[in-house]
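J.: Input: one structure, supplied below.
Please treat every number below as a calculation from the coordinates, not as lab data. Note that the coordinates shown come from a computational prediction; the quantities given were computed from them, not determined experimentally. Cβ: placed from backbone, ideal geometry, glycine included. Neighbour counts: every protein chain shown.
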């Protein structure tokens, strides 16, 4: 198996033979084994697939090397006065993250606070996730942690939390904008119609609300997302889709490791802290991990008018 795998990887036959001999295999037996592998119909069938995999690995290595030539490859560019055309042509089309510093401050939504949401929607029953921290797969199993309670009660719990906690969080999978009166909040976020389908906003948006200490583990999405920080700060750490580290132990869209572990294993991690009023364009396929540094409200959209259906992109689902 080892010899066949290395032949498919393109390792020179002489090198493989030398390694076999160093492990105690005599030269004639090593030659016979390599001849047998090379004549195998399975090896012949696997050859084109292995060649393409090697080509793809070279492309990914090229992108990784080039990314590291930036003055500070761990930062994400911050842009003001970025119009929809440049967002589309430079960032969306090239799969590059960027922070938009002046879109959200123009919105009424920029004035949301937990207190104002409680005053306006406190009696509305909302789905939230609770008791997350004891479950290592809390984000994958969000339905198992979902509870329903009045919004005012949930905000009271957030404000009464004894320090940072990951046990209380309203998340995207709670679908509160699509399923409750909170959907009317979307009228207070004005997206450029040049690249957003405003009519689809209610079904293509998400609201996060929680205390300091919430964590969304390292994962990727199958669409491009505009992630808007409304209240409090969040730290987002990103790894490009061509980096091999996150996908090695991935399950579906979850990496199975943290951004810190990825950095230790050689991944290039981009690090950005979003202040209130900043928005992060998260390109499809980018692994990202999100930590709330304060009590936080976030709003996200994927209702772009551009091609944004990449549900087929699930490298973590591929198994040998």
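J.: Which of 203, 213, 160 moves the most in a Gaussian network model of the chain with Cα springs under 10 Å?
T.: Looking only at 203, 213, 160, the largest GNM fluctuation is found for 160.
J.: To one decimal place, what orientation-averaged projected area in nm² is obtained for the convex hull of the Cα set of segment 159-300?
T.: Averaged projected area of segment 159-300's Cα convex hull equals 9.2 nm².
J.: How large, in Å, is segment 196-274 by the Kirkwood hydrodynamic radius built from its alpha-carbon pairs? Kindly include the intermediate steps, with their values, before the conclusion.
T.: Values: mean 1/r = 0.0693 Å⁻¹.
Computed over segment 196-274, the radius equals 14.4 Å.
J.: On a C-alpha basis, how far is the centre of segment 177-223 from the centre of segment 90-112 in Å? Whole number, if you could?
T.: 13 Å
J.: Moving on. With viscosity set to 0.692 mPa s at 37 °C, what whole-number translational diffusion coefficient in µm²/s follows for segment 2-65 from Stokes-Einstein and a Kirkwood radius over Cα pairs?
T.: The diffusion coefficient I find is 256 µm²/s.
J.: With no solvent and one point per C-alpha, what does the Debye sum give as log10 I(q)/I(0) for segment 23-105 at q = 0.13 Å⁻¹?
T.: -0.68
J.: Between residue 135 and residue 70, what is 0.36 nm times their sequence separation minus the Cα-Cα distance? Round to one decimal in nm.
T.: Length gained, residue 135 through residue 70: 19.5 nm.
J.: Okay, moving on. Output the peptides 48-60, 87-99 sorted from most to least packed, where packing is the average of other Cβ atoms within 10 Å over each peptide's residues.
T.: Going from most to least packed, we get 87-99, 48-60.
J.: Divide by every residue of the chain the summed helix terms, -39500 (n - 2.57) for each DSSP H run of at least 4, and state the resulting mean residue ellipticity at 222 nm, rounded to the nearest 500 deg cm²/dmol. Please report the intermediate quantities before stating the final value.
T.: Numbers: 8 runs with 84 residues, N = 320.
Calculated mean residue ellipticity at 222 nm is -8000 deg cm²/dmol.
J.: What nm value, rounded to one decimal, do you get for the distance between residue 60 and residue 102 when each label is placed 7 Å out toward the C-beta?
T.: 3.9 nm
J.: Quick check: the angle from helix 13-22's long axis to the longest principal axis of the chain, C-alpha only, nearest 10 degrees?
T.: 80 degrees
J.: Let me ask something else about it. Between 178, 201, 45, which gets the highest mean-square fluctuation from a Gaussian network model of the chain, Cα cutoff 10 Å?
T.: Per the Cα network of the chain with a 10 Å cutoff, 45 tops the list.
J.: Ok, one more. What's the long-distance tail for segment 175-242, i.e. % of Cα pairs beyond 17 Å?
T.: 54 percent
J.: Now, a different point. List the extent of the Cα atoms of segment 221-320 along each of their three principal axes, largest first, rounded to whole Å.
T.: Computed over the Cα atoms, the extents are 44, 35, 18 Å.
J.: Given the C-alpha centroids of segment 239-301 and segment 1-73, what is the distance between them in whole angstrom?
T.: 32 Å
J.: To continue, here is another question. When you have a sec, figure out the Kirkwood radius of the chain from all distinct Cα pair distances and drop it here in Å to one decimal?
T.: On the way: mean 1/r = 0.0453 Å⁻¹.
For the chain, the Kirkwood estimate is 22.1 Å.
J.: Let me know the Kirkwood hydrodynamic radius for segment 158-203, please, with Cα pairs as the basis and the value in Å to one decimal. Display every interim value, and only then the final one.
T.: Details: mean 1/r = 0.0770 Å⁻¹.
Evaluated over segment 158-203, this radius sits at 13.0 Å.
J.: Based on the Cα gyration tensor of segment 1-153, what are the three equivalent ellipsoid semi-axes, each the root of five times an eigenvalue, rounded to whole Å and given largest first? Before the final figure, lay out each step's value.
T.: Working: eigenvalues 628, 144, 39 Å².
Equivalent ellipsoid of segment 1-153: 56, 27, 14 Å, largest first.
J.: Could you work out how much longer the chain between residue 88 and residue 32 gets when fully extended? Use 0.36 nm per residue separation minus the Cα distance between them, nm to one decimal.
T.: 14.5 nm
J.: Follow-up. In the chain, what % of DSSP beta bridges are antiparallel (nearest 5)? Working shown, then result.
T.: Numbers: 44 of 46 bridges.
Counting only bridges with both partners in the chain, antiparallel ones make up about 95 percent.
J.: Find how much the distance from residue 43 to residue 143 grows on full extension, using 0.36 nm per residue of separation minus their present alpha carbon separation; answer in nm with one decimal. Display every interim value, and only then the final one.
T.: Working: separation 100, 0.36 × 100 = 36.00 nm, distance 4.44 nm.
Gain on extension, residue 43 to residue 143, equals 31.6 nm.
J.: Largest first and in whole Å, give the semi-axes of segment 261-320's equivalent ellipsoid, each being the square root of 5 times a Cα gyration tensor eigenvalue.
T.: 24, 21, 10
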